[in-house]
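Chemist: To start, I am sharing the structure in question, which I have written as structure tokens.
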Amino acid sequence: MKKIGILGGTFDPVHYGHIALAADAVREASLDEVVMIPARIQPFKQDREYASGEDRFNMLALAAGKDDHITVSRFELQQEGVSYTYLTLRHMQEFYGDETRLYFITGTDSFLKIDTWKNAPELLTKYAFIIGTRPGYRQDEFQEAVKRITGEYGTEVISMHKTELDISATQIRELVASGKPIDDLVPPEVERYIREHGLYRV
């Protein structure tokens, strides 16, 4: 059975941390591919957007261009309204077919709030989860959540120690706005795109 990871987010902009997370998932969960999907409107970030969906998609495509295991999808950008994960995974399962096992990739903080997500029982029953963790961070709370969720829904949960890169998209936007370099935070193609399109300037 083919194994495909789904990695969503705002990606505003995509940076080395995002790419490392996808690469870690491919390696640790033996995935055939990771599909990165920029959100049109994230449920928990409806109060802001700095770059257009098209710009965020283009930067993702540039960042993923050299990796045979990473692809980028426009699906959420082409939808109306909020980008709910269950709708995206329904579409991806239909697109790839029943011979494909989907793994949703997320972090510890998001996973601990999974019960608040729209149609959480559907997500936990039909799909597997890959959780990017870091040693010691909310470890007991995370293990308790995994035990409860696997017991209640039979969910396959893979915990992986993600490559720790101290990078945030907010930090990158602030650096660009103040005219400081970001070449050690994003791939060169992304840095060039930001500069040539005047993104994140005040």
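The values are calculated or read from the model by the stated rules, or taken from the named source; none is laboratory data. Please read all numbers here as calculations on a predicted model, not as lab measurements. Neighbour counts run over all protein chains shown; Cβ positions are idealised from the backbone, glycine included.
Chemist: So ASP47 clears everything in (1) modelled with pLDDT of 95 or more; (2) over 26 Å from LEU165 (Cα atoms) except one condition, right? Which one?
Modeler: If we test ASP47 against (1) modelled with pLDDT of 95 or more; (2) over 26 Å from LEU165 (Cα atoms), just (1) comes out false.
Chemist: Being within 16 Å of ILE130 (Cβ to Cβ) and exposed (fewer than 14 other Cβ atoms within 10 Å of the Cβ), is that true of even one residue in the stretch 173-195? Show your work before the answer.
Modeler: Within the stretch 173-195, the subset within 16 Å of ILE130 (Cβ to Cβ) is none.
No, the stretch 173-195 has no match at all.
Chemist: Which condition from (1) touching a residue at least 60 places away in the same chain (Cβ under 8 Å); (2) in contact with a strand residue (DSSP E or B) (Cβ under 6 Å, 6 or more places away or on another chain) is the one that VAL157 breaks?
Modeler: Every listed condition holds for VAL157 apart from (1).
Chemist: On to the next question. In the stretch 53-72, how many are part of a helix (DSSP H, G or I), closer than 16 Å to LEU7 by Cβ and touching a strand residue (DSSP E or B) at 6+ places or on another chain (Cβ under 7 Å)?
Modeler: Number satisfying all stated conditions: 5.
Chemist: Any residue in the stretch 132-145 that's surrounded by 11 or more Cβ atoms within 10 Å (Cβ to Cβ): show its pairings with residues that are part of a helix (DSSP H, G or I) and among the hydroxyl-bearing types (Ser, Thr, Tyr) at Cβ separation under 7 Å, as long as the two are six or more apart or on different chains.
Modeler: THR133/THR108; TYR137/THR108; ARG138/THR108; PHE142/THR108
Chemist: Another one. For SER110, all conditions in the list (1) of a type in the set (Gly, Ala, Ser); (2) within 13 Å of the chain's Cα centre (by Cα); (3) not in a helix (DSSP H, G or I) hold save one; what is the number of the exception?
Modeler: It fails just one condition, (3).
Chemist: While we're here: When you look at LYS66, is it within 21 Å of PRO13 (Cβ to Cβ) and over 17 Å from the mean Cα position of the chain (by Cα), yes or no? Lay out the reasoning, then the answer.
Modeler: Details: within 21 Å of PRO13 (Cβ to Cβ): yes; over 17 Å from the mean Cα position of the chain (by Cα): yes.
Spelling it out, LYS66 is indeed within 21 Å of PRO13 (Cβ to Cβ) and over 17 Å from the mean Cα position of the chain (by Cα).
Chemist: Is it the case, given these coordinates, that ILE158 is of a type in the set (A, V, I, L, M) and assigned to a strand (DSSP E or B)?
Modeler: Working: of a type in the set (A, V, I, L, M): yes; assigned to a strand (DSSP E or B): yes.
So ILE158 fits the description; yes.
Chemist: Can you find a residue in the stretch 163-172 that is assigned to a loop (DSSP other than H, G, I, E, B) and either among the aliphatic types (A, V, I, L, M) or in contact with a Pro (Cβ under 7 Å, 6 or more places away or on another chain) (or both)? Give the steps one after another, and end with the answer.
Modeler: Residues of the stretch 163-172 that are assigned to a loop (DSSP other than H, G, I, E, B), as a first pass: 163-168.
Cutting the leftovers down to either among the aliphatic types (A, V, I, L, M) or in contact with a Pro (Cβ under 7 Å, 6 or more places away or on another chain) (or both) gives us 165, 167.
Scanning the stretch 163-172 turns up at least one residue that is assigned to a loop (DSSP other than H, G, I, E, B) and either among the aliphatic types (A, V, I, L, M) or in contact with a Pro (Cβ under 7 Å, 6 or more places away or on another chain) (or both).
Chemist: Same structure again: GLU189 fails exactly one of the following numbered conditions: (1) closer than 23 Å to VAL34 by Cα; (2) in contact with a strand residue (DSSP E or B) (Cβ under 9 Å, 6 or more places away or on another chain). What is the number of that condition?
Modeler: The single condition GLU189 does not satisfy is (2).
Chemist: Can you say whether LYS162 is touching a Lys or Arg at 6+ places or on another chain (Cβ under 9 Å) and buried (at least 17 other Cβ atoms within 10 Å of the Cβ), as far as the supplied structure shows?
Modeler: On the way: touching a Lys or Arg at 6+ places or on another chain (Cβ under 9 Å): yes; buried (at least 17 other Cβ atoms within 10 Å of the Cβ): yes.
So LYS162 fits the description; yes.
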